[in-house]
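The values are calculated or read from the model by the stated rules, or taken from the named source; none is laboratory data. Treat the numbers as computed from the prediction; the structure is a model and nothing was measured. Every residue, glycine as well, gets a Cβ built from its backbone with ideal geometry; the counts of neighbours run over all protein chains shown. We work out accessible area using only protein heavy atoms, side chains counted, and drop any ligands, DNA or RNA first. Shrake-Rupley method; radii C 1.70, N 1.55, O 1.52, S 1.80 Å.
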Amino acid sequence: MQRSSNDFWVGLFVLLGGVAIVFLALQSANLLSLNFESTYRLSAKFDNIGGLKPRAAVKSAGVVVGRVDSISFDDKTFQARVNLSMQSRYAFPKDSSLKILTSGLLGEQYIGIEAGAEEKTLAAGDAVSTTQSAVVLESLISQFLFNKAADAPPAAPAAAKK
């Protein structure tokens with residue numbers, strides 16, 4: 001009888017440890033967020049979202065104020081439509097702007113929101129019109145290389161050397 005009681009407690013401890021590890025893995029991968037606060041939805045259109053993914057953070061002054069709810073493609077304007085789920089306790093002016101930023105050099109992307117100066121605030125269902133697309137590292141490198149090639153002096157023809 002004593003052995004089965006010990007087996008039960010060891011099994012329960014192992015099960016709780018496994019649940020804790022799965023919970024931490026989902027939290028660190030941004031796949032699980034336990035947020036029971038009320039939210040409101042906003043939408044915005046971007047020319048290029050880079051590597052932005054659903055559940056990415058929406059930050060203002062480094063504080064997470066919402067999450068990316070969904071991403072879709074608008075085939076009429078040929079832009080990416082990003083739906084945001086913002087926490088109700090944070091109200092931003094209507095002229096606020098959104099930027100897609102990267103944490104670190106090659107880190108994950110998130111949306112940064114800069115508050116505007118207007119007195120009216122964004123409400124559920126509003127669309128943010130002032131957006132700045134993601135900076136794509138490959139296009140920056142190609143622009144740099146193209147500009148360096150354009151600045152180089154032209155090569156002298158072979159016939160002129162003789």
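Return only the number of the condition from (1) buried (at least 16 other Cβ atoms within 10 Å of the Cβ); (2) under 18 Å from residue 41 (Cα atoms); (3) within 19 Å of the chain's Cα centre (by Cα) that residue 122 does not satisfy.
Condition (3) is where residue 122 drops out.
Any residue in the stretch 124-134 that is aliphatic (A, V, I, L, M), farther than 15 Å from residue 48 by Cβ and not in a loop (DSSP other than H, G, I, E, B)? Talk me through it step by step, then tell me what you get.
Within the stretch 124-134, the subset aliphatic (A, V, I, L, M) is 124, 127-128, 134.
This time we only want the ones that are farther than 15 Å from residue 48 by Cβ, so: 124, 127-128.
Add one more test, that the residue is not in a loop (DSSP other than H, G, I, E, B), and what stays is 127-128.
Checked against the condition, which is being aliphatic (A, V, I, L, M), farther than 15 Å from residue 48 by Cβ and not in a loop (DSSP other than H, G, I, E, B), the stretch 124-134 yields at least one hit.
Limited to the stretch 92-107, what total is found for residues that are open to solvent by 30 Å² or more (accessible area, probe 1.4 Å) and within 13 Å of residue 128 (Cα to Cα)?
3
Considering only residues that are open to solvent by less than 60 Å² (accessible area, probe 1.4 Å), of a type outside the set (Val, Ile, Thr) and either over 23 Å from residue 93 (Cβ atoms) or at pLDDT 85 or above (or both), which ones fall in the stretch 125-143?
126, 134, 139
Among the residues of the stretch 47-83, count how many are open to solvent by 60 Å² or more (accessible area, probe 1.4 Å), more than 17 Å from residue 115 (Cβ to Cβ) and over 14 Å from the mean Cα position of the chain (by Cα).
6
Going through 156, 117 one at a time, which residue ends up being modelled with pLDDT under 75, in a loop (DSSP other than H, G, I, E, B) and of a type outside the set (D, E, K, R)?
On the way: 117 fails: modelled with pLDDT under 75.
Checking each option against the conditions leaves just 156.
Tally time: how many residues in the stretch 69-98 are of a type in the set (Gly, Ala, Ser), farther than 18 Å from residue 55 by Cβ and in contact with an Asp or Glu (Cβ under 8 Å, 6 or more places away or on another chain)?
3
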